[in-house]
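Everything on this sheet refers to the single structure shown next.
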Amino acid sequence: LRVSNDFFNARLHTTALAVAYGEKAQDAAIVRLSAEYELRDALTTGGGIILYEAGDLFFLSKSGDNDRIFLDMRYSF
């Protein structure tokens, strides 16, 4: 499931992304929340968080303690 929306005259871009494995996410789940703001035409800053929920799925069973916070600043020329 992904939901995106723009605010403040399309200068703030937000995104929420959720992936669940299993009927009730018992096998694993990943949630990413992010926002990006255009300071000027060429300068953008943003950040967000990624949350991992470990479950019964083999490939994601050890990922539960790997949550992330990220920040980004981009200059385009």
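The values are calculated or read from the model by the stated rules, or taken from the named source; none is laboratory data. Values in this document were obtained by computation on a predicted structure and should not be read as measured data. All Cβ positions, glycine included, derive from the backbone under ideal geometry; neighbour counts span all protein chains shown. Only protein heavy atoms, including side chains, enter the accessible area calculation; ligands, DNA and RNA are left aside. Shrake-Rupley method; radii C 1.70, N 1.55, O 1.52, S 1.80 Å.
Which of the residues belonging to the range 36-50 are surrounded by 15 or more Cβ atoms within 10 Å (Cβ to Cβ) and either hydrophobic (A, V, I, L, M, F, W, C) or in contact with a Leu (Cβ under 6 Å, 6 or more places away or on another chain) (or both)?
Of everything in the range 36-50, those that are surrounded by 15 or more Cβ atoms within 10 Å (Cβ to Cβ) and either hydrophobic (A, V, I, L, M, F, W, C) or in contact with a Leu (Cβ under 6 Å, 6 or more places away or on another chain) (or both) turn out to be Y37, G48, I50.
Among the residues of the range 53-63, are any within 19 Å of the chain's Cα centre (by Cα) and open to solvent by 60 Å² or more (accessible area, probe 1.4 Å)?
yes
Considering each residue of the range 2-17, count those that are out of contact with any Ser or Thr (no Cβ under 9 Å at 6 or more places or on another chain) and within 14 Å of G48 (Cβ to Cβ), and give that number.
1
Can you spot a residue in the range 6-26 that is open to solvent by less than 50 Å² (accessible area, probe 1.4 Å) and in contact with a helix residue (DSSP H, G or I) (Cβ under 8 Å, 6 or more places away or on another chain)?
No: zero hits.
Search the range 1-42 for residues being of a type in the set (F, W, Y) and touching a strand residue (DSSP E or B) at 6+ places or on another chain (Cβ under 6 Å), and hand back the single one that is nearest to Y75 (Cα to Cα).
Going through the qualifying residues, I end up with Y37.
Evaluate the following for Y52: is it closer than 15 Å to R68 by Cα, touching a Ser or Thr at 6+ places or on another chain (Cβ under 9 Å) and touching a residue at least 12 places away in the same chain (Cβ under 8 Å)?
It is true that Y52 is closer than 15 Å to R68 by Cα, touching a Ser or Thr at 6+ places or on another chain (Cβ under 9 Å) and touching a residue at least 12 places away in the same chain (Cβ under 8 Å).
Checking A20 against (1) under 24 Å from D65 (Cβ atoms); (2) among the aliphatic types (A, V, I, L, M); (3) within 11 Å of the chain's Cα centre (by Cα), only one condition comes out false. Which one?
With (1) under 24 Å from D65 (Cβ atoms); (2) among the aliphatic types (A, V, I, L, M); (3) within 11 Å of the chain's Cα centre (by Cα) applied to A20, the lone miss is (3).
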